[in-house]
Every structure is written in structure tokens, then in C-alpha cells.
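The values are calculated or read from the model by the stated rules, or taken from the named source; none is laboratory data. No experiment lies behind these values; they were computed from the predicted model shown. Note: ideal-geometry Cβ built from the backbone for every residue, glycine included; neighbour counts use all protein chains shown.
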Amino acid sequence: MADNYAISLSNVGVRRSDRWILRDVNWSVDPGECVAILGPNGSGKSTLTRILSTHLYPSAGEVSILGQKFGETNLAELRHSIRLVQAAGPYDVEPSLSAREVVLTGFFGTLGLYDDVTDAMSREADRLLEQVGLSHDHAQSYLTMSSGERVRALIARALASRPKLLLLDEPTAGLDLLAREQVLATVQSLFDSREPEPPTVVLVTHHVEELPPATSSVLLLDEGKVAASGSPAEVLRSEVLSQVYRCPLEVRRDGGRWSIHVHPQAWRGLLGREDSR
């Protein structure tokens, strides 16, 4: 039943004018899982993320988030249990805030720190900063942080309210290798720690390399439809991804991480090919 899932989608679609941006999406996620929505540009990832964050109502199908069915629940109240982290989101915290203050705003859901902070909040903020590897930079201003440090601070901020669903929308976009790995290590730490009830985490990305070992399920989208869904071993197959990404590729796995390789001999065949997206 939908009540037992953190996410339950049944024949979900989004239509704009005469075009279906999403169509016939079926997907379910158990509470406490780390899952990924994967796909190329234009595949529908952002649209689906807006639905999961309760900011978009589908044109078709049924949606249940944290056991609450769209059309039968107060979405504004449901959002209190959901946090969305976007590295390049439309809203950002006040740049003058310190890393510690950024995390503290998460208790109030504000972009600035306007309310009184309790000792318990301060202790939890310090714990979260340590978890994401920023305890030594707790006094640094958000303005002077690197892009990777900002993402980790925003993840800690999102965790302050103990959400049941955490959506990470391309959290490593534009980061260099070290910063990317630090963000992924932060995501992995949510499942390596001894948290009794970790949030359900949905990682939205273009890249297979950005899936942490904790990823237990992958939803692969292609032109608004589900190309594959299941465990990483079931979905991340060379023949499946080659078709979705319109490119001959090889999928490899090492140490619980996945990667894609395209042989240079295939490059000539890619030049001049029209991108259908």
C-alpha cells in the first residue's frame, strides 16, 4: 500500500500544452532508502523533483509522499517533512551568515537567522557541521565558502529539521573532483552513521559516477518516460545506458561505485549527430 512507502507514484504524468513532459511514471521507494533519479538533459528529472517536493501537481496519475496522497492532504503541512537542496537554487541564505548560523536557520526554515537559538539547537548544529566535515570552518561566512562547502552546509541545514524526505537536486553540479567526493561522502555518511531513522534520500543527477555506495535503487528516465527502474545492478547496464544516452558506452563497477567509459574510437560517430533532446 502507498501508506507504507516514502514515495509512491502510479501512472504519473505532466502535460504542458500538447506535450507530455512526464508520462506513465511508476515508482515506489521504501522509507530510509538512498535512491537516485538518473537521466540526460530533458529526461524529466527536474519536473519529477518538483512533484516529489510537493511544488507541482501532476496532470495525471496518483502521488503519495510519506504516506500522504495528493488531493487528500495539506501539501503545505507535508512540506515540513521534506527538504530540497539545490546547489544553484532560486533562493539562497544570507551570505553574511557563518556556516554555523546557516545550519541554525534550518530549525526555522528561514533564509536569515531571526529567532532565538536554544542550547540544544546549537549542539545539534555543531554535530551536523562535524558530520559534513565543516566543524573547523564553523565561523567562516557563507560568502567566502567554496561551492562544495556551501553544498555541505546546505545539507547540514536541511538535516537540522530532521526531515523524513531529503531531495538533493544535482548537488555536485560544477564542483571539482575533491569537492564532489566530499559531497558524496556527506551523503554516504547519512547511512554509515548510527542514526536510528535516517531520512529517505533522493539524489537527482546526470552522472552515474555521482551515486554513492548506499544507493539501493535507481529510476532511469528518458524523454519523460521510465527507461528502467530497480537496483543499480539491474539498471546500470551498458546496453541500457547506451540507448538512453545515445552513445556506445561501457559501465564499470569498483568499490561500490559505478562509472561510464566511452572509447575514443566511438567519438567520430558522435560528431554531427543531432541531439534529440
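Couple of notes before you dig in:
- Residues within region 11-27 that are among the small types (G, A, S) and surrounded by fewer than 16 Cβ atoms within 10 Å (Cβ to Cβ), tallied: 1
- Within region 32-59, residues that are more than 23 Å from Y245 (Cα to Cα) have Cβ atoms under 6 Å from residues that are assigned to a loop (DSSP other than H, G, I, E, B) and among the small types (G, A, S) in these pairs: C34/A214, counting only partners at least 6 apart in sequence or on another chain.
- Close Cβ contacts (under 8 Å, 6 or more residues apart or on different chains) running from residues in region 69-89 that are over 26 Å from R152 (Cα atoms) to residues that are of a type in the set (S, T, Y) and part of a strand (DSSP E or B) comprise F70/S64.
- Only residues that are at positive phi and touching a residue at least 40 places away in the same chain (Cβ under 8 Å) were counted in region 10-31, giving 2.
- When region 82-98 is filtered for residues that are among the small types (G, A, S) and modelled with pLDDT of 90 or more, the ones remaining, listed by number, are S96, S98.
- For region 146-199, taking the residues that are among the acidic types (D, E) and more than 14 Å from the chain's Cα centre (by Cα), the one that is farthest from Q131 (Cα to Cα) is identified as D176.
- Within region 213-227, the set of residues being among the hydrophobic types (A, V, I, L, M, F, W, C) and closer than 26 Å to V183 by Cα comprises A214, V218, L219, L220, L221.
- For region 90-123, residues that are aromatic (F, W, Y), closer than 15 Å to S161 by Cα and without any contact (Cβ under 8 Å) to a residue 24 or more places away in the chain total 1.
- The residues listed here are L177, L190; of these, the one that is touching a Cys at 6+ places or on another chain (Cβ under 8 Å), surrounded by fewer than 21 Cβ atoms within 10 Å (Cβ to Cβ) and either closer than 21 Å to G106 by Cα or not acidic (D, E) (or both) is L190.
- Enumeration of residues in region 87-120 that are more than 27 Å from T54 (Cα to Cα), touching a helix residue (DSSP H, G or I) at 6+ places or on another chain (Cβ under 6 Å) and part of a helix (DSSP H, G or I): A99, R100
- Only one entry in L56, L78, L84 is surrounded by 13 or more Cβ atoms within 10 Å (Cβ to Cβ), part of a helix (DSSP H, G or I) and of a type in the set (A, V, I, L, M), namely L78.
- Hits in region 139-160 - residues which are under 13 Å from D92 (Cα atoms) and out of contact with any helix residue (DSSP H, G or I) (no Cβ under 6 Å at 6 or more places or on another chain): L143, S147, R150, L154, A158
- V132 being out of contact with any Leu (no Cβ under 6 Å at 6 or more places or on another chain), within 18 Å of A36 (Cα to Cα) and crowded, with 21+ Cβ neighbours inside 10 Å: no
- Single unsatisfied condition, T105 versus (1) at pLDDT below 90; (2) of a type in the set (V, I, T); (3) crowded, with 21+ Cβ neighbours inside 10 Å: (1)
- Only one entry in G13, G42 is in contact with a Gly (Cβ under 9 Å, 6 or more places away or on another chain), farther than 27 Å from G109 by Cα and in a loop (DSSP other than H, G, I, E, B), namely G42.
- Residues that are at pLDDT below 95, farther than 21 Å from T47 by Cβ and of a type in the set (A, V, I, L, M, F, W, C) number at least 1 in the following helices (runs of 4 or more DSSP H) confined to region 198-277: 267-270.
- Within region 22-58, the set of residues being out of contact with any Lys or Arg (no Cβ under 7 Å at 6 or more places or on another chain) and closer than 12 Å to V226 by Cα comprises L22, V25, N26, W27, L38, S43, G44, K45, L48.
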